[in-house]
Each structure stands twice: as C-alpha cells, then as structure tokens.
Amino acid sequence: MKLLIAVVQDKDSNRLIEALGEGNFKTTKLASTGGFLKEGNTTLMIGCDDDYVEDALDIIRDNCSQREQMVAPISPMGGNADSYIPRPVKVEVGGATVFVLPVESFFQF
Amino acid sequence: MKLLIAVVQDKDSNRLIEALGEGNFKTTKLASTGGFLKEGNTTLMIGCDDDYVEDALDIIRDNCSQREQMVAPISPMGGNADSYIPRPVKVEVGGATVFVLPVESFFQF
Amino acid sequence: MKLLIAVVQDKDSNRLIEALGEGNFKTTKLASTGGFLKEGNTTLMIGCDDDYVEDALDIIRDNCSQREQMVAPISPMGGNADSYIPRPVKVEVGGATVFVLPVESFFQF
Ligand code: NI
Ligand code: NI
Ligand code: NI
C-alpha cells in the first residue's frame with residue numbers, strides 16, 4: 001500500500017479527482033493551500049495498492065502536466081484601439097508534485 | 001514513532017478529537033476536505049509511539065465506525081397528513097479510513 | 001528524499017515560509033488547523049533531499065521555537081487607574097512539531 005500526496009493547481013483539481021474516481025481511486029482533497037509560493041494549489045491524498053501506483057501517476061500526468069496555454073491579452077486602456085492588434089500570449093499552466101509514501105498499515109472502520 | 005492519518009466524517013470529528021485528547025494523543029486537524037467523493041470529511045494527523053498505535057486505532061474505531069442510524073423522514077409536502085404514517089429510515093453514517101505511516105525522525109522545538 | 005510535515009503557530013508561519021523559500025525549500029501550506037487542541041496552527045509540507053533535512057530543521061528551529069514573550073496586560077476596567085501599575089506578563093509563544101517521513105519516490109509533471 002502507498003499513500004500518494006499530490007499538489008496540483010486548483011484549476012486542474014476537479015478534472016483530476018473525476019479521472020481518479022473513474023479509475024476507482026479513492027481521493028481525499030485537503031483544503032486549498034495558501035502559501036505564497038504555491039498560490040492556488042490543492043493537495044490530494046490518494047491511497048492505493050502498490051500495483052496501482054503507476055496507474056495513479058499516469059492519471060495525474062495526463063490531467064495536470066505543466067503545459068503552455070495561449071491567453072488573449074487585455075487590450076491596453078486608453079490606447080489607440082484602431083492601431084492595436086492583440087496577440088495571444090503563452091503562459092505556463094498546470095504542473096504536479098507527487099510524493100509516494102510507504103504505508104505500514106491501513107484500516108477502514 | 002508513527003504518524004496516523006485518519007479521514008473521518010465531520011460529525012464524528014469533535015467527539016474523536018476529545019476522546020484522543022483524553023487518551024493523551026496529540027491531534028492536528030486539517031481543514032475540511034472538499035472532494036466530491038468525500039463531502040463533509042475531516043482529516044486528522046495523530047503522532048504516536050509504536051506501542052500506542054493500537055490504542056489510537058481503538059479510539060478511532062470506537063468513535064467513528066460506520067453504523068446505521070434511524071432518521072425520521074420528512075413528511076410529504078401537500079400530502080394527506082391524516083393518512084401519512086412516517087417510518088424512520090436507516091442510513092449509513094460514520095466510517096474512518098486510517099493510514100499508518102512510518103516516521104523516520106520527530107522533533108519538537 | 002524526505003517529506004517534512006511541520007505544525008507551527010499561525011503567527012510564525014509566514015516568516016517561516018519566507019525563510020524556507022530563501023533557503024530554496026519548496027513549501028506547501030495546508031489550510032489552518034482547527035482542532036481545539038491546536039487552535040491557530042498551520043501545517044506545512046516541505047519536500048527535500050536527505051542532505052538538506054538538517055538545514056530545513058534548522059530554519060524551522062530558528063523561526064518557530066517556543067519562547068517567552070512579554071505582553072502588556074490590559075488595565076482592569078473600572079479599577080482605580082491612578083494606583084494601577086501595569087506589569088508586562090510572560091507568555092509562551094511559538095513551538096513546532098516536525099515529522100520527517102521517508103519518501104519512496106517523487107515525481108514532477
Ligand atoms: Ni497516460
Ligand atoms: Ni474499543
Ligand atoms: Ni540555526
């Protein structure tokens with residue numbers, strides 16, 4: 001048995017929890033983190049048998065990997081709107097940090 | 001030393017924390033979980049010496065085991081109140097999931 | 001690799017997160033705990049290589065150790081203000097509890 005502790009972006013967390021549920025993984029979501037280094041992150045705990053760790057990691061990778069997204073910029077206030085051509089800009093979104101912890105024993109009551 | 005991570009129902013958590021405190025266990029409550037799979041759950045961390053793991057598990061079992069509870073149904077709106085005989089219904093409440101994690105070292109400052 | 005789980009006082013947590021960041025430690029802050037035993041505490045998760053555990057512990061010790069603080073007492077309401085000489089009182093503040101957990105594997109996506 002292992003306990004996976006995954007820190008992911010808030011915006012990816014609902015999709016990830018749904019995908020993990022479809023894979024029959026039980027997930028516990030801890031309330032959002034508030035550290036200034038990790039603004040907007042969510043911590044998930046996922047308990048699973050050793051044989052399923054790879055599957056769980058694969059689901060996390062598929063739903064949360066860091067990726068580039070094109071974002072429409074906000075047009076400049078008070079500029080000359082006629083001559084302004086907005087170009088979408090690339091931003092990095094997503095990303096996941098996962099710790100796989102050994103579990104000595106596990107109980108359900 | 002072990003670190004117990006227990007996920008229990010919100011409604012059982014205060015009673016459990018009190019019982020653990022009476023048993024001299026130090027408990028840290030993480031803010032409520034919000035995953036759709038685990039609505040209304042609380043995560044507790046309990047650090048204890050190896051010899052006391054059984055005692056802690058016993059307190060969790062005694063206070064949080066899944067059990068049936070009779071609940072009075074809400075009488076139907078607009079029905080004929082005279083002929084309606086409300087029957088209590090059974091619902092499953094409680095339940096606890098506990099991970100026992102090995103601790104390599106422990107410090108208090 | 002190790003995962004440090006540190007429970008510290010809310011009032012020390014921002015200074016600690018800043019100090020850990022200056023030491024290049026990645027920190028995840030879990031939402032404030034609310035257990036009656038630990039009112040006003042914050043739980044931090046810090047992942048670090050084995051060689052840096054001592055450094056992380058040192059930063060926690062330096063920023064969160066239990067210590068005495070002089071606090072100005074509130075002058076008694078309705079007392080004779082002329083004859084009342086307020087004396088600062090010592091209170092215990094701070095303190096940290098740290099669990100060092102073994103990590104089996106670690107991933108970043
Ligand atoms: Ni895949
Ligand atoms: Ni018992
Ligand atoms: Ni020092």
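General remarks:
- Among the listed pairs B:LYS29/B:LYS90; A:LYS11/A:LYS90; A:LYS26/B:LYS29; B:LYS2/C:LYS26; A:LYS29/B:LYS26; A:LYS90/B:LYS29, those whose Cα-Cα separation exceeds 28 Å are B:LYS29/B:LYS90; A:LYS90/B:LYS29.
- Per-pair calculated FRET efficiency, R0 = 25 Å: B:SER105 and B:GLU54 via Cβ, rounded to 0.05: 0.65
- Distant-in-sequence amide contacts of A:LYS26, defined by a placed amide H-H separation under 5 Å and a gap of 5 or more residues or a different chain, comprise A:GLY47.
- Sequence of C:ILE59, B:ILE5 when ordered by accessible area, the most exposed leading, probe 1.4 angstrom: C:ILE59, B:ILE5
- The Cβ shell under 12 Å around A:ARG15 holds other residues with a net charge of -4, Lys and Arg each +1, Asp and Glu each -1.
The values are calculated or read from the model by the stated rules, or taken from the named source; none is laboratory data. Since the model is a prediction, treat every value here as computed from it, not as a measurement. Note that each Cβ is placed from the backbone with ideal geometry, even for glycine, and that neighbours are counted across all protein chains shown. Heads up: the accessible areas ignore ligands, DNA and RNA and are worked out on the full protein's heavy atoms, side chains in. Shrake-Rupley method; radii C 1.70, N 1.55, O 1.52, S 1.80 Å.
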